[in-house]
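Scroll down for the structure; my scribbles are underneath it.
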Amino acid sequence: MHEGKDKKQLEEVYRLQAEAEQRGRLSAAEAERAGERSNPMPQKAPGAGRNARPGGAEADNPVLLDVAGDQFSTNADKVALIMVGLPARGKTHVSRRLARYLNFFHSISVKVFNVGDYRRKLVKDEMPASFFDHGNEDAVKLRKQCSEAAMEDMTAYLTAENDGRVAVYDATNTTMERRRWVAEQLAGLAVKVIFIEVICADEKLIEENIRAVKLNGPDYEGKDSDECVRDFRQRIKEYEDVYETIDCDSEGDLSWIKIQDCRRYTINNVRGYLPGKIIQFLMCLHTTKKRFFISRHGQSAYNASGKIGGDSDLTPEGDAYAQRLAEFTEQVCARTRTRARTRARALTRT
């Protein structure tokens, strides 16, 4: 019975619209009448009744949209990324690349708070490896002061505006006690806190990182390279003596991502749109240099005739180019600079 009624309403709507088209116009009154008949009771948004106020007689019952908790809500959430790891493992590299990615591709405000920069501002004298000895009480106090200053600035940044923004706390955070302290400092804020631990067991890569990055940094500027390497190695040892990797049992309540040699990834208690994008980017990130070769396809039939678009076959010249490109890939792309064979991936499309 209802189906017959609805059918009649639709037929009436079509009749009104046809008459209006014949006259060359559809008056506002007729459009409103046609709309009312095609959808006599439009769906209202939750809580959008005529008297949608507390105690209103016809207020709709509101539907809670944050049933999963506001810590897992939208891509506009604020996120604090806390770096974890020994020196020369690529934490600062990961921090800067993440910041550039989120800012460029997602238009998100990102700021990196590097505790080392605060340390260099506070302690302007030379800082040998002994400064990082955890038994050196005076140095421990100064380093704690730098960490607190960076945390204070980061907290102010995260609470400054009511928008989605990301802050990166770039420090070693090598002990469980220090990570708990960081979590406590941010506990009162509406911020997702995610720890990112970077682990590297490749001694050759660590040595290259020390010589390529650390020796050119402000801590060792203008000093003997071999002596600087020895000093920085000793600095790493001071951190290794107290280093505690993130543990799934004792820190399972925290949100964290563990990256091991850019090959193995462990993710714990991380949810949400933006954290998902961060995970995706980290799994595609490399801390070493990579070579990319970009080439157009060989000449196609449409290229030869001046046509744009389409998916035509290659001309004889295009086939010859494809053969030469395969040889180039084998001889150059799939070999290192020392001519040793290496893995290479070739992607092609027209």
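The values are calculated or read from the model by the stated rules, or taken from the named source; none is laboratory data. In this text, all values refer to a predicted model and were calculated from it rather than measured experimentally. Methodologically, a virtual Cβ is constructed for each residue, glycine included, from the backbone with ideal geometry; neighbour enumeration extends over all protein chains shown. Just the protein is used for accessible areas: all its heavy atoms, side chains included, with ligands, DNA and RNA removed. Shrake-Rupley method; radii C 1.70, N 1.55, O 1.52, S 1.80 Å.
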- Note on the structure: Taking region 139-155 and the residues there that are small (Gly, Ala, Ser) and either assigned to a strand (DSSP E or B) or at pLDDT 95 or above (or both), the one that is surrounded by the fewest Cβ atoms within 10 Å (Cβ to Cβ) would be ALA149
- Any chance region 281-294 includes a residue that's farther than 16 Å from GLY85 by Cβ, in a strand (DSSP E or B) and open to solvent by less than 80 Å² (accessible area, probe 1.4 Å)? no
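May I ask you to list the residues in region 328-349 that are in a loop (DSSP other than H, G, I, E, B) and either surrounded by 10 or more Cβ atoms within 10 Å (Cβ to Cβ) or among the β-branched types (Val, Ile, Thr) (or both)?
Here is the first cut: in region 328-349, the ones in a loop (DSSP other than H, G, I, E, B) are 334, 336-340, 342-349.
Answer for region 328-349, where residues must be in a loop (DSSP other than H, G, I, E, B) and either surrounded by 10 or more Cβ atoms within 10 Å (Cβ to Cβ) or among the β-branched types (Val, Ile, Thr) (or both): ALA334, THR336, THR338, THR342, ALA344, ALA346, THR348.
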- Message: Give all pairs with beta carbons closer than 6 Å in which a residue from region 270-281 that is touching a residue at least 12 places away in the same chain (Cβ under 8 Å) meets a residue that is assigned to a helix (DSSP H, G or I); count only pairs at least 6 apart in sequence or on separate chains.
- Response: ARG271/PHE72; GLY272/PHE72; PHE281/TYR101
- Starting from region 299-319, take each residue that is among the β-branched types (Val, Ile, Thr) and list its partners that are open to solvent by less than 60 Å² (accessible area, probe 1.4 Å), counting only C-beta distances under 9 angstrom and pairs at least six apart or across chains. THR315/GLY298; THR315/SER300; THR315/ALA301
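Residue by residue, here is whether (1) modelled with pLDDT of 95 or more; (2) under 26 Å from VAL193 (Cα atoms) holds:
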position: ASP226; (1), (2): no, no
position: ARG230; (1), (2): no, no
position: ARG233; (1), (2): no, no
position: ASP247; (1), (2): no, yes
position: SER250; (1), (2): no, yes
position: TRP256; (1), (2): yes, yes
position: ASP261; (1), (2): no, yes
position: ILE267; (1), (2): yes, yes
- Query: Counting only residues that are surrounded by fewer than 17 Cβ atoms within 10 Å (Cβ to Cβ) and among the aliphatic types (A, V, I, L, M), which one in region 201-230 is farthest from the chain's Cα centre (by Cα)?
  - Reply: VAL229
- State all residues of region 231-265 that are among the small types (Gly, Ala, Ser) and surrounded by 15 or more Cβ atoms within 10 Å (Cβ to Cβ); if no residue qualifies, say none. SER255
- Item | ALA129, sole failed condition from (1) touching a Phe, Trp or Tyr at 6+ places or on another chain (Cβ under 7 Å); (2) hydrophobic (A, V, I, L, M, F, W, C); (3) closer than 20 Å to ILE236 by Cα | (1)
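Yes or no: LEU325 of a type outside the set (S, T, N, Q) and either part of a loop (DSSP other than H, G, I, E, B) or open to solvent by 60 Å² or more (accessible area, probe 1.4 Å) (or both)?
Details: of a type outside the set (S, T, N, Q): yes; either part of a loop (DSSP other than H, G, I, E, B) or open to solvent by 60 Å² or more (accessible area, probe 1.4 Å) (or both): yes.
Yes: the conditions hold for LEU325.
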- Which ones in region 190-200 are more than 17 Å from ILE108 (Cβ to Cβ) and surrounded by fewer than 21 Cβ atoms within 10 Å (Cβ to Cβ)? ILE199, CYS200
- Which condition number does LYS124 fail, the rest of (1) in a helix (DSSP H, G or I); (2) open to solvent by 50 Å² or more (accessible area, probe 1.4 Å); (3) of a type outside the set (A, V, I, L, M, F, W, C); (4) over 26 Å from CYS248 (Cα atoms) being met? (1)
- Query: Within region 262-274, can one find any residue that is assigned to a strand (DSSP E or B) and hydrophobic (A, V, I, L, M, F, W, C)?
  - Reply: yes
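For the condition among the small types (Gly, Ala, Ser), at pLDDT 50 or above and farther than 27 Å from GLU177 by Cα, what is the one hit in SER95, SER109, SER73? Break it down into steps so the answer makes sense when it comes.
Values: SER95 fails: farther than 27 Å from GLU177 by Cα; SER73 fails: at pLDDT 50 or above.
One residue alone meets the criteria, SER109.
Would you mind stating whether VAL110 is open to solvent by less than 80 Å² (accessible area, probe 1.4 Å) and either in a strand (DSSP E or B) or among the hydroxyl-bearing types (Ser, Thr, Tyr) (or both)?
Yes, satisfied.
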- Message: Which residue is least open to solvent (accessible area, probe 1.4 Å), if the candidates are limited to region 302-322 and must be more than 30 Å from LYS290 (Cα to Cα) and among the small types (Gly, Ala, Ser)?
- Response: SER312
- Message: Scan region 320-343 and tell me whether some residue there is in contact with a helix residue (DSSP H, G or I) (Cβ under 9 Å, 6 or more places away or on another chain), more than 30 Å from THR172 (Cα to Cα), of a type in the set (A, V, I, L, M) and modelled with pLDDT of 85 or more.
- Response: no
- Task: Return the residue satisfying two criteria in turn: it lies in region 156-182 and is surrounded by fewer than 17 Cβ atoms within 10 Å (Cβ to Cβ) and within 23 Å of GLY85 (Cα to Cα), and of such residues it is farthest from the chain's Cα centre (by Cα).
- Result: GLU177
